Amino acid sequence: MSTLKITDLHVSVETDQGTKQILRGVNLEINSGETHAIMGPNGSGKSTLAYTIAGHPKYTVDSGSITLDGEDVLEMSVDERAKAGLFLAMQYPVEIPGVTVTNFLRTAKTAIDGEAPSLRNWIKEVRESMANLKMDASFSERNVNEGFSGGEKKRHEILQLELLKPKFAVLDETDSGLDVDALKIVSEGVNRAKENTGMGVLLITHYTRILRYIKPEFVHVFVNGKVAEEGGPELADRLESEGYDRYTEIA
Amino acid sequence: MTVPVQVRSARPKSTNPADFDAVTGRELDWKFSPVAKLQDLISGELDGSHFDYHAPETAGVSLSWIPSTDPRVGVAGLPEDKASANAWATASEVLLVSLTSENVTEITITRDALGTTARAAHILIEAAPFSKSTVILQNSGDARLVENVEILVGAEAQLNVITVQEWNDDALHLASHFSRVGRNATLQHSIVSLTGEVIRVNPSAHLAEDGSSVTMLGVYFADAHQHIEQQVYVNHDAPHSKSRVTYKGALQGEGARTVWIGDVLIGNKATGTDSYEQNRNLMLTDGTRADSIPNLEIETGDIAGAGHASATGRFDDEQLFYLQARGISEEEARRLVVRGFLNEVVQQLGVPALSERIEAYLSAELEAGVK
Ligand SMILES: Nc1ncnc2c1ncn2[C@@H]1O[C@H](COP(=O)(O)OP(=O)(O)OP(=O)(O)O)[C@@H](O)[C@H]1O
Ligand SMILES: [Mg+2]
């Protein structure tokens, strides 16, 4: 069993107008096999939290800690965090011209496992995972995210999740921009990965729609850079009917 | 109306070096070049004897020396600068590469023993109507070379010409390539410049007849104190002609310098022209400089499309972050991004073995550079 623990995390970013504080004391603990939903209005700092866990250089941690099974995550480089078992499905995956999906996936898998996967099994596994996500086989010869539609980019993120088998996955608005069919396919992918690996999931979303397919045990309401309220799945239902107004007024 | 001398089509042409003023380095076509290092080649005495080369016997290809008075010489183009005229006037004979096969043939002409004496060379590649061929000029070893390469593409022919520069580190190489593309013929012309102190290869394509088309490619990797330059000129001079120009380069190390100038002229006869040119440079370290100047002159209102793009940038941090977030180390991520960037051109060369060799070279360069 693994634990990802975030304690009193304060994060800021340098802007043209000076230093801007975004996260103001986030506390969160996730164990293997658990699914936590983080819900909050635009600009509340959800992506900042996701990027900070992954180690994006733009964000400065001013105080607080992130640990994975007691190991200091903040001391790790971006690739070390991935190797330690952290995965971020990005809200806006970037295009990488000239690098094919096949080459990218194999390079990533080799880096994470510390050795190249056996070719035959790997090809089979990639093919099956792509079929499960209803991705056409031709994607493997395309350049990473280049010319992918919004929905295709999200499927490609979940494909990586299934193949790289992390201990914890942070999904940053993986549901946005998806139609109902795609939402189902992507959610099934997440659930499959969870079943196969017992990973913990931190699901960041605006909407309760995805929670019909991916069931969280814990819901955290994120407002103004910290967790404003926590509860079980029923909290999501209340947010659905009442919105965030209650919290933003307090903040 | 007087035409300003900047207009590419109005540049003076001559095979006599005396018709060109001494080069000072202030001229439009020399101002980016390290002229001081090149004066010997521009206006000094050159060895004009036959140069050494080797090439395998290949069906459908014949190589022979012809006099420079041969009527085919000068058809594709004439010198537009003093160095080119110096070589033209000096080279005693012209190496004719005659291509006649209608089945695809490929020939590599290797020059690896040119030596350190300043010398002139003149090559004429003639692709017969309906022929399909690939010619690779593979250059290595020492060189202080000024040369003219003429390329004649007959009607309906498909010709692929690639010049590869893998010279010794102190080599100097000035080249002018002139091509004339016939009716419904296709030329792919590529410049691969990897090693050598100064490499300046200026290719031009004259789309002279209805339906002629050209793809001009370039890929270059400039290391510390290397100068790699190409002045590209496409002259659309007939209806329904098409051109695609794509040059991509990477620069690594103090004093790495590249120059790309892309002139496209769409003349008044060139109705229905379809043209696009682009140059992209990736600066891998500080202390590098890439000049990139696209230039489009249009003399007819009736064109299918014309555009250009030019960009010089650094590593995209978001790309590196994305790859690293998947466990890939920073060095490996950089390699992937650079190789991906250059691959667009490398993969298009049409000679898989050559593409592979270039990729291997680039990987080694990046490995050496990152550490
Ligand atoms: N690099 C940056 N430069 C300047 N401001 C930033 C930067 N990154 C985030 N911010 C600001 O920090 C705040 C939180 O942004 P963040 O992207 O974390 O919000 P979010 O909750 O993910 O919003 P959304 O729901 O729109 O995705 C916003 O006000 C945003 O403008
Ligand atoms: Mg966000």
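Cβ separations smaller than 9 Å between residues 6+ apart or across chains give the following pairs from the stretch A:44-58 residues that are within 12 Å of chain B (Cβ to nearest Cβ) to residues that are near ligand 1 (Cβ under 8 Å from one of its atoms) and part of a helix (DSSP H, G or I): A:His56/A:Thr48; A:His56/A:Ala50; A:Lys58/A:Tyr51.
Each residue in the stretch A:69-119 was checked for being among the charged types (D, E, K, R) and more than 9 Å from every other protein chain (Cβ to nearest Cβ), and 6 of them qualify.
Here A:Ala131, A:Ala50 are screened, and the one residue that is among the small types (Gly, Ala, Ser) and within 16 Å of ligand 2 (Cβ to nearest atom) is A:Ala50.
Could you list all residues from the stretch A:132-179 that are of a type in the set (Asp, Glu), more than 20 Å from A:Lys194 (Cα to Cα) and not in a loop (DSSP other than H, G, I, E, B)?
Filtering the stretch A:132-179 for residues of a type in the set (Asp, Glu) gives A:136, A:141, A:146, A:152, A:157, A:162, A:172-173, A:175, A:179.
From what's left, more than 20 Å from A:Lys194 (Cα to Cα): A:136, A:141, A:146, A:152, A:179.
Result: A:Glu141, A:Glu152.
Table: residues versus (1) facing chain A (nearest Cβ under 7 Å); (2) on the phi < 0 side of the Ramachandran plot.
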{"position": "B:Leu296", "(1), (2)": "no, yes"}
{"position": "B:Thr300", "(1), (2)": "no, yes"}
{"position": "B:Ile303", "(1), (2)": "no, yes"}
{"position": "B:Gly307", "(1), (2)": "no, yes"}
{"position": "B:Ala311", "(1), (2)": "no, yes"}
{"position": "B:Gln324", "(1), (2)": "yes, yes"}
{"position": "B:Gly327", "(1), (2)": "yes, no"}
{"position": "B:Arg335", "(1), (2)": "no, yes"}
{"position": "B:Phe341", "(1), (2)": "yes, yes"}
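Quick check: is even one residue across the stretch A:24-32 more than 14 Å from ligand 1 (Cβ to nearest atom), of a type in the set (A, V, I, L, M) and in contact with a Phe, Trp or Tyr (Cβ under 7 Å, 6 or more places away or on another chain)? Yes.
Step by step: first the residues of the stretch A:1-47, then only those that are farther than 21 Å from A:Ser77 by Cα and among the hydroxyl-bearing types (Ser, Thr, Tyr), then the one that is nearest to ligand 2 (Cβ to nearest atom). Which residue is that? So, considering only residues that are farther than 21 Å from A:Ser77 by Cα and among the hydroxyl-bearing types (Ser, Thr, Tyr), the one nearest to ligand 2 (Cβ to nearest atom) is A:Ser44.
Of the candidates B:Gly305, B:Gly301, B:Gly350, the single residue that is touching a residue at least 24 places away in the same chain (Cβ under 8 Å), among the small types (Gly, Ala, Ser) and surrounded by fewer than 16 Cβ atoms within 10 Å (Cβ to Cβ) is B:Gly305.
Selection of the stretch A:60-89 for residues being of a type outside the set (Ser, Thr, Tyr) and part of a loop (DSSP other than H, G, I, E, B) yields A:Asp69, A:Gly70, A:Met76, A:Gly85. Could you please let me know if B:Asn279 is closer than 26 Å to A:Pro93 by Cα and more than 12 Å from every other protein chain (Cβ to nearest Cβ)? Yes: the conditions hold for B:Asn279.
In the stretch B:343-371, of all residues being in a helix (DSSP H, G or I) and in contact with a Leu (Cβ under 7 Å, 6 or more places away or on another chain), the one that is farthest from the other protein chains (Cβ to nearest Cβ) corresponds to B:Gly369.
Looking only at the stretch B:318-327, decide whether some residue is in a strand (DSSP E or B) and free of Cβ contacts under 8 Å to residues at least 40 places away in the same chain. Explain how you work it out, then say what you get.
From the stretch B:318-327, those in a strand (DSSP E or B) are none; that's our starting set.
No, the conditions are met nowhere in the stretch B:318-327.
Do we have A:Gly18 as out of contact with any strand residue (DSSP E or B) (no Cβ under 6 Å at 6 or more places or on another chain) and either more than 10 Å from every other protein chain (Cβ to nearest Cβ) or over 28 Å from A:Glu195 (Cβ atoms) (or both) here? Yes, satisfied. Of all residues in the stretch A:133-153, one or more are touching a residue at least 60 places away in the same chain (Cβ under 8 Å) and within 14 Å of another protein chain (Cβ to nearest Cβ).
Look through the stretch A:43-59, keep the residues that are within 6 Å of ligand 1 (Cβ to nearest atom) and outside any loop (DSSP other than H, G, I, E, B), and return whichever of them is surrounded by the most Cβ atoms within 10 Å (Cβ to Cβ). That would be A:Lys46.
Tallying residues that are within 16 Å of ligand 1 (Cβ to nearest atom) and either surrounded by fewer than 22 Cβ atoms within 10 Å (Cβ to Cβ) or at pLDDT 95 or above (or both) within the stretch A:183-210 yields 7. Comparison of B:Asp210, B:Asp286, B:Asp263 shows that the only residue that is assigned by TED's automatic domain parsing to the domain that holds B:Leu124 and assigned to a strand (DSSP E or B) is B:Asp263.
The values are calculated or read from the model by the stated rules, or taken from the named source; none is laboratory data. All values derive from a computational prediction rather than experimental measurement. Ideal geometry is used to build each Cβ from the backbone, glycine not excepted, and the neighbour counts take in all protein chains shown.
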